[in-house]
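**Student:** I'd like to ask some things about the structure below.
The values are calculated or read from the model by the stated rules, or taken from the named source; none is laboratory data. Not measured: the values here are computed from a predicted model. As a convention, Cβ positions derive from the backbone with ideal geometry for all residues, glycine included, and neighbour counts pool all protein chains shown.
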Amino acid sequence: MGSNVAASAPSSARIGRRLGALEFLAVCDVVLSETAAAADVVLPVTQWAEETGTMTNLEGRVLLRRQAVPPPPGVRTDLEVIAALAGRLGAPGHWPAEPEVVFAELRRASSGGPADYAGISYRRIAAEDGVFWPCPAPEHPGTPRMFLDRFATPDGRARFLPVRHRPAAEEPDAEYPVYLTTGRVLQHYQSGAQTRRISQLREAQPQPLVEVHPDLAEACQLATGDRVRVISRRGAAEGLVRITETIRPDTVFMPFHWAGPHAANLVTNPALDPVSKMPEFKVCAVRLEPVPPEPVRPQTEPAAEGHAAAAGLAGQSAASTRSWWCVMAGWPERSCLATPGRPARSPSCSTGRRRCRPTGPRCCWGGAAPPQPTRSRRRGFPGTPPFASATA
């Protein structure tokens, strides 16, 4: 739900293979991300401004978000999707879709724990412009600053632990002599599934720049603007060279907001920190290879911005787009989006829909002709969605 692991996980080709081995994959998202493109069914869900709920920010303040705009027809909240699926699967218990009711359950479940929400309510959040957790009771003022009087230890006193240096899981060697570190650029966010769809941001930063020190660039015979392939033991990613003295001569930098052949996470190391279990995104051993010059096709993204339901088959031109809508029994049309290349299943089609198979939920495609399959998870994960290199 809302997670683009096919692009954001280290050694992402491995993640793609595991997704491709699944018997069934359903994804809930607001756009057709790389992970959603590999799914059997995509359920379009609301964006943050289209639903009411709470958010806890990094200072521990619980904030109330009110719905600002209505979602498109047929687009549901995460809670509505979970509740509907639970009902259809016969899950025991009560599965409410009202956010305030679910928040009340969180208050009960967290009571007495380190992150105690028991004393926080929608009414109180609105009246006080947010409440800081932990807040164990309605009369408690909240905790704007943690650990003023004691730490979260049995005696309330802090613990100092020695820290010893541990080298990276993968150090440079003769075959892979350079460190790669990854990070962000101003124009894009996380895996880029949303920001790469915004034309102004895409034009400002259409593909990743690989930052290289002048000494390393000279040794590798690279110049600013050259295409370079960054290669590790796990895979390779391409970008354009940017020569800068702000990086070490033994290190290159590459942002991680892209997918397909530009995906830095094809290269990164899935080794885990022994304590936090976080992957070692920030350092691995690589080598650089110049890419022979050729006409560069601009990376383009879907012009539509917003829900998967509204985007159709992202990245294809308007003339070739064929939207596959899966209409679950009892749900209105456009309730979910089936992935291109998947069988459309239906005992019957609604007006204007045709060519549907005779089994399963009511799924049809719209348009004059069926879409050409762009991938098949049965043959393995493609790695590159249609919008990674398609021409607008």
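**Student:** Which residue pairs have Cβ atoms closer than 8 Å, lie 6 or more positions apart in sequence or on different chains, and pair a first residue in segment 114-140 that is under 20 Å from G156 (Cα atoms) with a second residue that is outside any loop (DSSP other than H, G, I, E, B) and small (G, A, S)?
**Tutor:** Pairs that qualify, where the first residue is under 20 Å from G156 (Cα atoms) and the partner is outside any loop (DSSP other than H, G, I, E, B) and small (G, A, S), are D116/S110.
**Student:** Still on this structure, please answer the following. Determine whether segment 45-56 contains at least one residue that is under 28 Å from G183 (Cβ atoms), at pLDDT 90 or above and touching a strand residue (DSSP E or B) at 6+ places or on another chain (Cβ under 7 Å).
**Tutor:** Yes; the residues of segment 45-56 include at least one that is under 28 Å from G183 (Cβ atoms), at pLDDT 90 or above and touching a strand residue (DSSP E or B) at 6+ places or on another chain (Cβ under 7 Å).
**Student:** Name the one entry in P255, P249, P279, P206 that is out of contact with any Phe, Trp or Tyr (no Cβ under 7 Å at 6 or more places or on another chain) and farther than 16 Å from T181 by Cβ. Lay out the reasoning, then the answer.
**Tutor:** On the way: P255 fails: farther than 16 Å from T181 by Cβ; P249 fails: farther than 16 Å from T181 by Cβ; P279 fails: farther than 16 Å from T181 by Cβ.
Being out of contact with any Phe, Trp or Tyr (no Cβ under 7 Å at 6 or more places or on another chain) and farther than 16 Å from T181 by Cβ holds for just one of P255, P249, P279, P206, which is P206.
**Student:** From V81, V102, V27, V62, grab the single residue that is in a helix (DSSP H, G or I), touching a residue at least 24 places away in the same chain (Cβ under 8 Å) and not hydroxyl-bearing (S, T, Y).
**Tutor:** After applying the criteria, what remains is V81.
**Student:** Given (1) surrounded by 22 or more Cβ atoms within 10 Å (Cβ to Cβ); (2) under 23 Å from the mean Cα position of the chain (by Cα); (3) not hydroxyl-bearing (S, T, Y), where does P270 come up short, assuming only one miss?
**Tutor:** Among (1) surrounded by 22 or more Cβ atoms within 10 Å (Cβ to Cβ); (2) under 23 Å from the mean Cα position of the chain (by Cα); (3) not hydroxyl-bearing (S, T, Y), the lone unmet condition for P270 is (1).
**Student:** OK, next. May I ask you to list the residues in segment 181-215 that are crowded, with 20+ Cβ neighbours inside 10 Å, assigned to a loop (DSSP other than H, G, I, E, B) and within 17 Å of the chain's Cα centre (by Cα)?
**Tutor:** H188, S191, G192, A193, Q194
**Student:** While we're here: Which one of A26, A49, A21 is farther than 30 Å from Y117 by Cβ and small (G, A, S)?
**Tutor:** Only one candidate passes the filter, namely A21.
**Student:** Hey, could you check segment 53-80 for residues that are touching a helix residue (DSSP H, G or I) at 6+ places or on another chain (Cβ under 9 Å) and either small (G, A, S) or not assigned by TED's automatic domain parsing to the domain that holds F132 (or both) and say which is farthest from W95 (Cα to Cα)?
**Tutor:** Checked segment 53-80; the qualifying residue farthest from W95 (Cα to Cα) is A68.
**Student:** Can you spot a residue in segment 36-50 that is more than 27 Å from A259 (Cα to Cα) and surrounded by fewer than 22 Cβ atoms within 10 Å (Cβ to Cβ)?
**Tutor:** Yes, because at least one residue in segment 36-50 is more than 27 Å from A259 (Cα to Cα) and surrounded by fewer than 22 Cβ atoms within 10 Å (Cβ to Cβ).
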